[in-house]
Amino acid sequence: AQSHSESYKDVEMLDISSITGDIYIEKSDSKEVSVKGKWDDDQVRVKIDYDGKSLIIKEKKVSRNVDGDASEWTLMVPNGLDLEVNSGTGSLKITGVDADLDANTGTGSIYISQMEGRFDVNSGTGSLELENVKGKFDLNSGTGDVLVMNGAGKFDANSGTGDVKFKQVNPTSHSSLNSGTGDVKFIVTGKISGDLALASGTGDAVLDFDGQKIEGDFEMKCGIRSGRISAPFKFDSEQQIGQRGNGHIEKAAKIGAADFDVEISTGTGRAEVRQ
């Protein structure tokens, strides 16, 4: 086994990639980046490059089969870095640091909390969980769930087959939540100050006002054959577009004085507004 423990000054960009290991990143009390790593050198080799501004940590597989605990990394970083964090099958946990973040895993889960910045977060099959976050978000999982709790900003969240759920989130500009086959749910617990679009191909798309006053310019859609639309208000207009096989029903209503648009759509599930 090998280990590495060192601090680096004046880092502006940090790029770390592991094959199977978990990566933990937390806020540093100093302006230096502190790196602690351990790995099994029968399974992986590690290369660390530092040029005074960029710190790059890469693993290379040396064994055909690399187990899930072949490495582990813990980093303490100051605010303001460009972070690129990748793991093939390991999980990522990033807390407390304000940064521009690109985070990717093949199968591992990603947990992000107490952060502000620009976020581009992707997993092939893992889940994404974000808590107490602010900024501009591009979130995607192939098959995992996407959960955001206590957030504000512009959100583009997508899962191929998982559920997408937002609670205590304030969209400050146009935001969209999408799933191919999972359920999409947005629970309103604060102010909506940007346009909002919820869509699921075969699952339910639900906007739950959770007892708050309902307002918005609503357009709701579902497939003619097996989709459903429900809301606790009357619609101003209703129309059928296309034929029964591939057409859809559209219903629209303007409720209250709010000047944001809300689109809720599903193919074969339920498009619903709840009181």
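The values are calculated or read from the model by the stated rules, or taken from the named source; none is laboratory data. Keep in mind it's a predicted model, so treat the numbers as computed, not measured. Ideal geometry is used to build each Cβ from the backbone, glycine not excepted, and the neighbour counts take in all protein chains shown. These area figures cover heavy atoms from the full protein model, side chains too; ligands, DNA and RNA do not enter into them. Shrake-Rupley method; radii C 1.70, N 1.55, O 1.52, S 1.80 Å.
Listed conditions (1) in contact (Cβ under 8 Å) with a residue 24 or more places away in the chain; (2) open to solvent by 40 Å² or more (accessible area, probe 1.4 Å); (3) out of contact with any Gly (no Cβ under 9 Å at 6 or more places or on another chain) are all met by residue 62, apart from (1).
Given 245, 194, which one is open to solvent by less than 10 Å² (accessible area, probe 1.4 Å), of a type in the set (Gly, Ala, Ser) and either free of Cβ contacts under 8 Å to residues at least 24 places away in the same chain or not in a strand (DSSP E or B) (or both)?
194
Restricting 185, 213 to those that are closer than 30 Å to residue 125 by Cβ and either outside any loop (DSSP other than H, G, I, E, B) or modelled with pLDDT under 95 (or both) reduces the list to 185.
Yes/no per residue for (1) of a type in the set (D, E, K, R); (2) within 16 Å of residue 141 (Cα to Cα); (3) out of contact with any His (no Cβ under 9 Å at 6 or more places or on another chain):
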| site | (1), (2), (3) |
| --- | --- |
| 168 | no, no, yes |
| 182 | no, yes, yes |
| 186 | no, no, yes |
| 224 | no, no, no |
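Residues of the stretch 72-91 that are within 17 Å of residue 19 (Cβ to Cβ), touching a Ser or Thr at 6+ places or on another chain (Cβ under 6 Å) and either hydrophobic (A, V, I, L, M, F, W, C) or open to solvent by less than 10 Å² (accessible area, probe 1.4 Å) (or both): 87, 90. Residues in the stretch 123-161 that are part of a loop (DSSP other than H, G, I, E, B) and either surrounded by fewer than 24 Cβ atoms within 10 Å (Cβ to Cβ) or over 12 Å from the mean Cα position of the chain (by Cα) (or both): 124, 125, 127, 142, 143, 145, 160, 161.
When residue 193 is tested against (1) at pLDDT below 95; (2) in contact with a Cys (Cβ under 6 Å, 6 or more places away or on another chain), just one condition goes unmet, and that condition is (2).
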